[in-house]
1. What's the whole-number percent of alpha carbon pairs in the range 24-124 lying beyond 20 angstrom?
2. Give me the distance between the Cα centres of the range 59-78 and the range 137-156, rounded to whole Å.
3. What does the charge count around V140 come to, taking other residues whose C-beta lies under 14 Å from its C-beta (Lys +1, Arg +1, Asp -1, Glu -1)?
4. Tally Lys and Arg at +1 and Asp and Glu at -1 over the other residues with C-beta under 12 Å from the C-beta of L190: what net charge comes out?
5. Where a ≥ b ≥ c are the square roots of the eigenvalues of the C-alpha gyration tensor, would you call the range 121-193 rounded, which needs a/c under 1.5, or, failing that, prolate if a/b is larger than b/c, or oblate?
6. Identify which of S179, S51, S152 has the largest mean-square fluctuation in a Gaussian network model of the chain, with springs joining Cα atoms closer than 10 Å.
7. Could you tell me whether the range 106-163 comes out rounded, prolate or oblate from its Cα gyration tensor? Rule is a ≥ b ≥ c as square roots of the eigenvalues, rounded for a/c under 1.5, then prolate if a/b exceeds b/c, otherwise oblate.
8. What nm value, rounded to one decimal, do you get for the distance between D47 and E99 when each label is placed 7 Å out toward the C-beta?
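FYI, it's all coordinate maths here, none of it is from the lab. Everything numeric here is computed off the predicted structure, so don't read it as measured data. Here the Cβ positions follow ideal geometry from the backbone for every residue, glycine too, while neighbour counts run over all protein chains shown.
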Amino acid sequence: MTAHLVERPKVAARPDPGSCPVIETTRLTLRPHRLSDADAVAQSLGDYQISRMLARVPVPYHRQDALDWLMRQTAGLGRDWTLAITTGDAVHIGCVGIEFMHGQWHLGYWLNRFYWGRGYASEAAHAAIERFFRRMPDTVLHSGVFADNAGSLKLQKKLGFEITGCAQVYALARNGMVSHIETRITAADLRRP
């Protein structure tokens, strides 16, 4: 009797940008999150002006929600980058993340409302994207914004993102579907803010 071996289809290996880095900019330090960031994360995401612009943040948002999220971020499972945005005095003011979802790399970010309008979000996003593209130069990075988030769309355009379409996305904080402008960028398109 001859045994027949059945070949399994090969699954493409997930591209790997390496471990989450520490990045210094002129005014900021981007670093991996710590459990001690829970209070700052809860304070920021407990603000509906922030959480309403994010797809996966519940309302209300409590310290335990932040701890649950931080446990996953600090567990060291996977190669997504979730960087705390901190000021020169080490105050946690936001997050910029690059994660692999649905076969593509995606950029997301948020900033505590009291730090809006100072260029911190574009400085942090640019630094994270630039480092990511140094490690993954041939990758297309996807992102997007809710249609009523003009400030975030302006930030992305300033960095070189191009609009690729529009979709409906469920926003947990809004408990409903929201128009989402989809964007993308390549290493060649990245511009300094």
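1. Numbers: 1747 of 5050 pairs.
Value for the range 24-124 (Cα pairs over 20 Å): 35 percent.
2. 24
3. Values: positive: R184; negative: D138, E162, E182, D189.
Here the charged neighbours net out to -3.
4. Values: positive: R131, R134, K158, R184, R191, R192; negative: E130, E162, D189.
Residues near L190 contribute +3 overall.
5. On the way: a/c = 2.17, a/b = 1.89, b/c = 1.15.
Here the range 121-193 falls in the prolate category.
6. S179
7. Numbers: a/c = 2.28, a/b = 1.45, b/c = 1.58.
Taking the square roots of the gyration eigenvalues as a ≥ b ≥ c, the range 106-163 is oblate.
8. Those two pseudo-labels are separated by 2.1 nm.
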